[in-house]
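Trainee: One structure is given below, represented as structure tokens, and several questions about it will come after.
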Amino acid sequence: MIASAAATSSGLGAFGFIIIIALYFLPVIIAFSRKVTNVGSVLVINLFLGWTVIGWVVALAMAVKSKTPQVVVVTSSTPLPGCSKCGTALIPGQQYCSNCGTARSPVT
Ligand SMILES: [Zn+2]
């Protein structure tokens, strides 16, 4: 009874150790499974800074980062498409020029 309980607990201990290792390298596992481009960076940060919680979180964040970063703000850096006739800036989605009423040229 006692012997079997001890064996069970030691088995759980080994299993728990594997779980901890897997959790520690979770960012690398995610990075590999997602085939992200910066797997090497994730591995280095996970390996050397993973013991700090911040390093682990940074590695995880890099692992789950989308492969093609989406540009959220476009209008602030690039000029708005202008009207083909009068050149008035058109709001994205605006179909007709607010100045002269010309239908905007189709966005290619
Ligand atoms: Zn116009």
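Trainee: List every residue whose amide H lies under 5 Å from the amide H of G82, counting only residues 5 or more places away in sequence or on a different chain, with H placed 1.01 Å from N in the peptide plane.
Mentor: L90
Trainee: At what distance in nm do the modelled label points of T37 and A61 sit from each other, each positioned 7 Å from its Cα along Cα→Cβ?
Mentor: Inter-label distance under the simple model: 1.9 nm.
Trainee: Can you tell me the length gained on complete extension of the stretch F15 to T52, counting 0.36 nm per residue apart and subtracting the Cα distance? Numbers along the way, then the final one.
Mentor: Numbers: separation 37, 0.36 × 37 = 13.32 nm, distance 2.30 nm.
Difference between extended and current length: 11.0 nm.
Read-outs: derived from the displayed coordinates by stated rules, not from any lab. Computed from a predicted model, the values in this text were never measured in an experiment. Neighbour counts are summed over all protein chains in view; Cβ atoms, including those assigned to glycine, are modelled from backbone coordinates with ideal geometry.
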